[in-house]
Structure formats: structure tokens, C-alpha cells
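Here is the structure we will look at.
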Amino acid sequence: YKGAFYERSNFPDIIMEKNGHIVILDAKYKKMDFISKDVDRSDLQQVQSYYGYYSALGKHSIDAVLLVYPAREEPAGNKRTSTNMFGIPGCSTFFDISYIKIGSNNVEQQKNEENFIKRIREMIEN
């Protein structure tokens, strides 16, 4: 909306691009205990607008869109955190509420970040 009175700068925190494929990550600095109230409607709408913007450009294949939160614990049980975009069957874009577990020291935090990267890599490659 460049030049419009409602112009805003609104970009995802991380865009990973390789060979015309992109992954959109938007980091949130809010508590995540994997209960529905932890995910704000505005956060979902924000990543959906990023998806819409990059889709409208038509230059890329959007493989995944992720909301990423800090978490004290791994999701309990079989909580479903991922689906395809908008939950629409047949949509090829993967959507996930993801997390980076908070470590108690630098070594543990580095391990948690490596686990996050591993989960993202597995998600993209599958």
C-alpha cells in the first residue's frame, strides 16, 4: 500500500528462500503453554497477511508459514500444532505453531535451537 494514507511497514521476522521456495517465520515473544488462548487472533491474521502478500507476488512457492514462540516445555501429549494453510485440504503450504524451548543455560539453549532447526528442516523436506 505504498503511498496510501494507511501505508505500513509490516514484514515477517524471517524469510528463508532457496531456489524459488520460501518459508515464512514470525517470532512472538509471548508465553506459550500450548493452550488455545496463547495464540492471539491477530498473530494468526498477521502471518496470513504475509502468506497473502508473498502469494500475490507469484514469484515463489511458499512451502511453510510458522508462528514461533518461546516455550518452557515441549507440547504435551499429541497436541496438533500443524496443518496446511487455513486448514484447507489440498493446500500445499504447511502451517505450524512452533516453538523454541527456553534453556536454563547457554549450552542447553544452543541444543534447543538446534532441535528447532532440525524440526523445521524435517518439516520442509517432508
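Tabulated values for the structure
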| quantity | calculated |
| --- | --- |
| Close pairs (8 angstrom Cβ cut-off, 6 or more residues apart or separate chains): loosely packed, with under 10 Cβ neighbours inside 10 Å in the range 3-32, among the basic types (Lys, Arg) anywhere | Gly20/Lys59 |
| The range 35-80: number of residues that are farther than 20 Å from Ile22 by Cα and modelled with pLDDT under 85 | 12 |
| Residue match in the range 105-120 (condition: open to solvent by 50 Å² or more (accessible area, probe 1.4 Å), outside any strand (DSSP E or B), in contact with a Pro (Cβ under 8 Å, 6 or more places away or on another chain) and at negative phi) | no |
| Residue within the range 40-49 that is within 15 Å of the chain's Cα centre (by Cα), among the β-branched types (Val, Ile, Thr) and under 27 Å from Ser104 (Cα atoms) present | no |
| Verdict on Ile15 being farther than 30 Å from Tyr1 by Cα, part of a strand (DSSP E or B) and among the aliphatic types (A, V, I, L, M) | no |
| Count - residues of the range 37-93 that are open to solvent by less than 90 Å² (accessible area, probe 1.4 Å), touching a strand residue (DSSP E or B) at 6+ places or on another chain (Cβ under 8 Å), part of a loop (DSSP other than H, G, I, E, B) and touching a residue at least 40 places away in the same chain (Cβ under 8 Å) | 5 |
| Any hit, the range 96-104, residues being open to solvent by 60 Å² or more (accessible area, probe 1.4 Å), modelled with pLDDT of 90 or more and polar (S, T, N, Q) | yes |
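The values are calculated or read from the model by the stated rules, or taken from the named source; none is laboratory data. No experiment lies behind these values; they were computed from the predicted model shown. Every residue, glycine as well, gets a Cβ built from its backbone with ideal geometry; the counts of neighbours run over all protein chains shown. These area figures cover heavy atoms from the full protein model, side chains too; ligands, DNA and RNA do not enter into them. Shrake-Rupley method; radii C 1.70, N 1.55, O 1.52, S 1.80 Å.
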